[in-house]
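Trainee: Can you read through this structure? Questions will come right after.
All of the numbers you see were taken from the coordinates with simple rules; none came from a lab. None of these values were measured; they are calculated from a predicted model. Using ideal geometry, Cβ is built from the backbone for each residue, glycine included, and neighbour counts are taken over all protein chains shown.
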Amino acid sequence: MKRKRIITPPFFEIGPKSYLYGDDVLSLALAADAASEKYGVDVIFTTPFIDIRRVAQETKSLFVFAPHMDPIPVGRGLADILPESLVAAGAAGVMLNHCEKPLNLSILHQTLSRAKEVGLLTIVISDSTSEAAAITHLSPDIIVAEPTELIGTGKTSSEEYVNSTTSAIRAIDPDILILQGAGISSPQDVYDVIYAGAQATGSSSGVAQAPDPGAMAEGMIRAAREAWDARH
């Protein structure tokens, strides 16, 4: 199991979802790992459950995250995702409340508590400004602000949305990390959102469906570093 580390801006999240599987997931992870070290950008790699152990063992710098988990204790729970099993497999954290795996606030609160118990970092997806504010009160490590309707469209969030969600979160807890996502499909998109003030962004289909996913991942990670340095 990898030692728990701290994620610092600028950072980038890649989630191949089910666009890739098997060796293709590992190939992308290795490319992202190399780019993370080359450009000094922390990279969260949200891998399919079945690939967590292999990706964690074969990479050096990635923060390997699971795409979901259940707030169950050790014991009964056929086909549920046990938090302890993710830690044992080498996961550093878990993603929660994606639009493809939504959780109500009560279950989300329970799941975040279990993640904290076992030492997993948490990244929680929010849709609207009001949802982002509500989730902030639950104190995850990272909040992803992304309008559901823009996911996978290639259209990025408006400046108004970025500003309103960031302000809502910061007013409650200035220490929570914020990732502005949705519709990121090119290195230029990454550069623009980081340069505009975001601490992080990420991409799923924009990377996984590129002709060369590894090259696209490197280009986006490089753009995050270049935009952050230009802004600072």
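Trainee: Rounded to the nearest Å, what's the spacing between the alpha carbon centres of the stretch 161-192 and the stretch 1-53? Just the number, please.
Mentor: One Cα centre to the other: 20 Å.
Trainee: Points 7 angstrom from Cα along the Cβ direction at SER113 and GLN188: gap in nanometres?
Mentor: 4.8 nm
Trainee: If you don't mind, another one. Starting from 0.36 nm per residue, how many nanometres of slack lie between LYS17 and ARG5 once their C-alpha separation is accounted for? Show your work: numbers first, answer last.
Mentor: Values: separation 12, 0.36 × 12 = 4.32 nm, distance 2.38 nm.
Taking LYS17 through ARG5 to full extension adds about 1.9 nm, to one decimal.
Trainee: Another question about this same structure. In nm, give the distance between the simple-model label positions of ASP24 and ILE50, each being 7 Å from the Cα along the Cα-to-Cβ direction.
Mentor: For the pair ASP24/ILE50, the computed spacing is 1.3 nm.
Trainee: Given DSSP loops and a limit of at most 12 other Cβ atoms within 10 Å, what is the longest stretch of the chain that contains no such trypsin sites (Lys or Arg not before Pro)?
Mentor: Details: sites that count: ARG3, LYS4, ARG5, LYS60, ARG76.
The longest such stretch corresponds to 77-232.
Trainee: Helix-only estimate, please: 222 nm mean residue ellipticity of the chain, summing -39500 (n - 2.57) across DSSP H runs of length 4 or more and dividing by its residues, to the nearest 500.
Mentor: Taken over the chain, the calculation gives -13000 deg cm²/dmol.
Trainee: List the aspartates and glutamates whose Cα lies under 18 Å from the Cα of LYS101, skipping any in the same chain that are fewer than 8 positions away.
Mentor: Answer for LYS101, where 18 Å is the Cα cut-off: GLU13, ASP70, ASP80, ASP127, GLU131, GLU146, GLU149, listed by chain and number.
Trainee: At ALA230 and SER139, where each label point lies 7 Å from the Cα along Cα→Cβ, what is the point-to-point distance in nanometres?
Mentor: In this crude spin-label approximation the distance works out to 3.8 nm.
Trainee: What FRET efficiency would be calculated for the residue pair TYR195, LEU78, taking the C-beta separation as r and a Förster radius of 45 Å, to the nearest 0.05?
Mentor: Details: r = 48 Å, r/R0 = 1.06.
Approximately 0.40, to the nearest 0.05.
Trainee: A further question follows. Taking percent of Cα pairs over 31 Å apart as the quantity of interest, determine which of [x] 31; [y] 21; [z] 14 was computed from the displayed structure.
Mentor: [z]
Trainee: Something else: In nm, what is the difference between 0.36 nm times the number of residues separating ASP173 and GLU58 and their Cα-Cα distance? Could the numbers behind the result be given before it?
Mentor: Working: separation 115, 0.36 × 115 = 41.40 nm, distance 3.53 nm.
So the extension gain works out to 37.9 nm.
Trainee: Over the chain, what is the relative contact order in whole percent, taking alpha-carbon pairs under 8 Å and six or more residues apart?
Mentor: Details: 466 pairs, mean separation 48.3, N = 232.
After rounding, I find 21 percent.
Trainee: Please state the charge dipole magnitude for the chain, taken about the Cα centre, from unit charges on C-beta atoms (+1 on K and R, -1 on D and E), reported in debye and rounded to the nearest 20. If you can, show how the numbers build up before the last one.
Mentor: Numbers: 18 positive and 28 negative charges, 133 e Å.
Around 640 debye, computed over the chain.
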